[in-house]
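Worksheet: one structure, shown below.
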Amino acid sequence: MTESNKPQAQYLKDYKAPDFLINHTELTFDLLPLSTKVSALLTLTRVGDKKAPLVLDGIDLRLLSLSVDAVDITDYEIIGEQLIINNLPDSCRLSIVTEISPETNTSLEGLYLSGGAYCTQCEAQGFRKITYYMDRPDVLSTFDVTIIADKKYPQLLSNGNQIDSGETQNGRHFTKWQDPFKKPSYLFALVAGDFDVLKDSYVTQSGRDVELALFVDKGNLSKTPHAMTSLKKAMQWDEARFNLEYDLDIYMIVAVDFFNMGAMENKGLNIFNSKCVLANQETATDKDYHTIESIVGHEYFHNWTGNRVTCRDWFQLSLKEGLTVFRDQEFSSDLGSRALNRIDAVKVMRTHQFSEDAGPMAHPIRPEKVIEMNNFYTVTVYDKGAEVIRMMHTLLGEQNFQKGMTLYFERHDGQAVTCDDFLSAMSDASGINLAQFKRWYNQAGTPRLNALQSFDKDSNTYSLTVEQLAPLNQPNNEPLHIPFAIELLDANGHSIALEYQGKKIVHVLNVTQSTQTFNFDNISSKPVAVLLEDFSAPCILNQQTDEHALLHIMRFARSDFSRWDAQQQLFINAVKANIKSAESIALSDEIINALRVLVVNQQGDLALIAELLKLPSFDTLAGEFEVIPVDEIIKITQQFEKQIADSLCSEFIQCFESLFDDGSVSANAVAIRSLKQLCLHYLAKTQSIQAAGFIKDAASSSNMTNVLGALSAAVKASHEVCDELLNHFDSQWRHDVLVMDKWFALQAMQTSENAIENIKALYEHPCFDFSNPNRVRALVGSFSHFNTPQFHRADGQGYSLLGDLLIKLNAINPQNASRMLTPFMSWKRYDKVRSRAMKQQLERIAALDGLSDDLFEKVEKALA
Ligand code: ARG
Ligand code: ZN
């Protein structure tokens, strides 16, 4: 690549307000697979520099005509991906006619055909693949949209309300839509297809009727009720907790098979990846049910946090995503188990986000430099962004936080704003100074905390010193404002009141300096401290806590999350001790006994018990080491699992047999299934005769959670029943690609020596399709993320498989390619042999002709 054709970066510091406004946009689509005509009529007003040209974005468009106030013009140029028009009057109507080809658009961005239906994806910058436009989120316009199509597409949908429909002269038909709310182009949507529809309705708290419609491929109606129920729960919850009500007369969701992400919050017309909508008990697991509920909620919540108030520029993405993830997490937690939702969220942080923060793609939740915006829909912007909002919530409390939200909407409804605007609203409404807190928006990397504790018997004083260290890869970071929640437990496991010199102390400490000491008195014996309770800040905490204290926390902490956290720490410490020592050290009797008590007593939430019994994932453990000891982690975790399985075999059998699953979707039934699955997971690793029977039984269940639990237990234990069960599943489910994705994932996780050949053979399976992101992720994504022994083969064959795939995807769907590249981003953290082999793949990709911006940006950073 020469300097001149290298992709150019955009910088936050270069932001300039637009020179023109688009007050109104009229679009007419004449849909044809290879030659869709798009006519755009833009009502423009100059707001900036008198001499400024109008600069419109456009990619892969054929310009058919261009006129200003109905007069054709020639005073324009097309330079790269921009159409530049000079000498425009201060206000005018600009008409642009272009032609595009939805059928050949495999990028799944702009307008494309998905399994026979037309659909769009415009966030972040896909609208420019539809027509020339000011494709930036700070240009807000009302839209009128006319869709003309063949009658084999009975449903023609766009944002807002349908205001007209009918036939055209040549036997085609049309609909016309009007969206009364101003919106940026990224929220535009169009769908044309032949769907089954589930209809329902909702009455808002102020008494307005809203029509709800869920569009799915023909034959899928039986898989829609859960998503519809989730939508109504989300609408109700947003009224109850945030006092936010829906604003249009109709809310539509369309499920499509080809989609790069989970879903998209287009105004009044959400478009979803079908895997995030379709579910029934036969085809979807309890986990799928949960994911669907949370994504339906997420997109719904965007209507206020994202659509009514949107982002000024894409660097502010976390303004809407961090906040909306926080909202969807709260939704799930209010409706289900708060502890389990917290555990899930923290797992995402500790595995994916911490590793992104430590690698070459590290960026603050508000990035400052971007080449390809699609590369910044990251766990950092989304999940760390949500943690930052959560910390604000912790610092302000629910009441003040809600006051802040109210003020934010009062000030900014209908505007495109920045993260600073959000912070100002929060701080103005609460009176709490967030000046230092703001650094969370500018600093990349995971802060490291050291906690030093001491207890003085004579004065009955306990003191805690918290030290903040900059992340290793961000040495210049300044100290952050960290809400550091704690609980002190006495020897009986009771919570100790926090006070110093007669004054009560709130359990959330404000850590603001690089070293800070907190004192507590009136404490009669050395306490056990639960630190960073509930993961109150997204940090790495170093504490010298011994096994006894961790077991105490696991038993007694008031936070179920912290109990789990302590249990994880016990496992992590044991893995580390093994890696340090020359001979292998088994899990202590105390740990095994604590686990036994959990299985036998079955006290409290059974789903939490299941979590407490799980070892940390490979990625979590990997995060503990500077150079990841791949073989050792695999060996030791296998050894621990075998030890747990053998020591508690009869308890697992007893537990499995005693739990009755009524097959419902109640929280209790879900919890029972998860604990039964956990039992199976361990039992599969024993020689017990019962195990094979349990596995076969569960595999023949009509409930997908049980089936998948059985199969995954069998696969992970390389159990002899594996092949038979997998073959049966294939023949049973070939007609349902979403279910087959589960099968592809199981196939990819098999650790036998022929794993790579197996995957290559599966590329030929009738259900596999390189252009479908769900298929690719199910097969190759599962392989690269979860099949550690085979992906990280020392001979590099696992890496070659992924490298080959990325080269292929670069030409089909760069966005998907870029996401699939992630495992290579941390190549420097592996041993010499492995890192060299991964680097070779990165270099292969870097040398590609026609390398996409998406891959370029990541590969360049990785190799820098
Ligand atoms: N805004 C969507 C959501 O979070 C995600 C869309 C991302 N699309 C993309 N091409 N990066 O719900
Ligand atoms: Zn979102």
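The values are calculated or read from the model by the stated rules, or taken from the named source; none is laboratory data. Bear in mind the structure is a predicted one, so any value in this text is a computation, not a measurement. Cβ atoms come from the backbone with ideal geometry, glycine included; neighbour counts cover every protein chain shown. The protein model used for the area step is the full one, side chains on, heavy atoms only, and it has no ligands, DNA or RNA in it. Shrake-Rupley method; radii C 1.70, N 1.55, O 1.52, S 1.80 Å.
If you average 1/r over every pair of different alpha-carbon atoms in region 466-595 and take one over that average, what Kirkwood value in Å do you get?
Result for region 466-595 stands at 16.4 Å.
Between the helical axis of 689-699 and the dominant principal axis of the chain, each derived from Cα atoms, what acute angle in degrees is found, rounded to the nearest 10?
So the inclination is approximately 20 degrees.
Let me make sure I get this right: for region 155-250, a, b and c are the square roots of the gyration tensor eigenvalues over alpha carbons, sorted descending. Under 1.5 in a/c it's rounded, otherwise prolate if a/b > b/c, else oblate. Which is it?
oblate
Highest mean first, how do 305-316, 587-598 rank when packing is the count of other Cβ atoms within 10 Å averaged over residues?
In descending order of packing, they fall as 305-316, 587-598.
Just the number: Rg to Rh for region 87-201, Cα atoms, Kirkwood Rh, two decimals.
Checking Rg against Rh, the ratio lands at 0.98.
Counting alpha carbon pairs within less than 8 Å and at least 6 residues apart, what relative contact order, in whole percent, applies to the chain?
Relative contact order, the chain: 8 percent.
If you roll a 1.4 angstrom probe over the protein chains with everything in place, what fraction of the accessible area of region 90-141 belongs to carbon and sulfur, to the nearest %?
40
Hey, what angle do you get for helix 649-658 against the long axis of the chain, alpha-carbon based, 0 to 90 degrees rounded to 10?
It is inclined by approximately 60 degrees.
Angle check, please: helix 853-863 long axis (alpha carbons) against the longest principal axis of the chain (alpha carbons), in degrees 0 to 90, nearest 10.
40
Plugging the Kirkwood radius over Cα pairs into Stokes-Einstein for region 388-512, at a temperature of 37 °C and a viscosity of 0.692 mPa s, what D comes out in µm²/s?
193
What is region 271-380 by shape, rounded, prolate or oblate, if you read a ≥ b ≥ c off the alpha carbon gyration tensor as root eigenvalues and call it rounded for a/c under 1.5, prolate for a/b larger than b/c, and oblate otherwise?
prolate
At 1.4 Å probe radius, can you tell me the per residue accessible area of the chain in Å²?
Counting only protein heavy atoms, the per-residue value for the chain is 39 Å².
Starting from the Kirkwood Rh over alpha-carbon pairs, what translational D in µm² s⁻¹ does region 287-332 have by Stokes-Einstein at 10 °C and 1.306 mPa s?
After rounding, the answer is 148 µm²/s.
Is it possible to state the helix-based mean residue ellipticity at 222 nm for the chain, with each DSSP H run of 4+ residues giving -39500 (n - 2.57), the sum divided by total residues, to the nearest 500 deg cm²/dmol? What is it?
That calculation yields -12000 deg cm²/dmol at 222 nm.
Kindly identify region 664-771 as rounded, prolate or oblate by the Cα gyration tensor criterion: order the square roots of the eigenvalues as a ≥ b ≥ c, call it rounded if a/c is under 1.5, otherwise compare a/b with b/c, prolate if a/b is larger, else oblate.
oblate
Could you give me D for region 560-654, from Stokes-Einstein at 4 °C and 1.567 mPa s, where the hydrodynamic radius is the Kirkwood radius over C-alpha pairs? Units µm² s⁻¹, please.
93
Accessible area of Thr461, 1.4 Å probe, to the nearest 10 Å²?
Thr461 exposes around 30 Å² with every protein chain in place.
Based on the mean of other Cβ atoms within 10 Å per residue, sort peptides 122-131, 732-741 so the most packed one is first.
122-131, 732-741
Based only on Cα atoms, what Rg/Rh ratio does region 246-326 have, Rh being taken as Kirkwood's radius?
Rg/Rh: 1.00.
So how long is each side of the chain along the principal axes, counting just the alpha-carbon atoms, biggest first, in Å?
Principal-axis extents of the Cα atoms in the chain, largest first: 88, 67, 61 Å.
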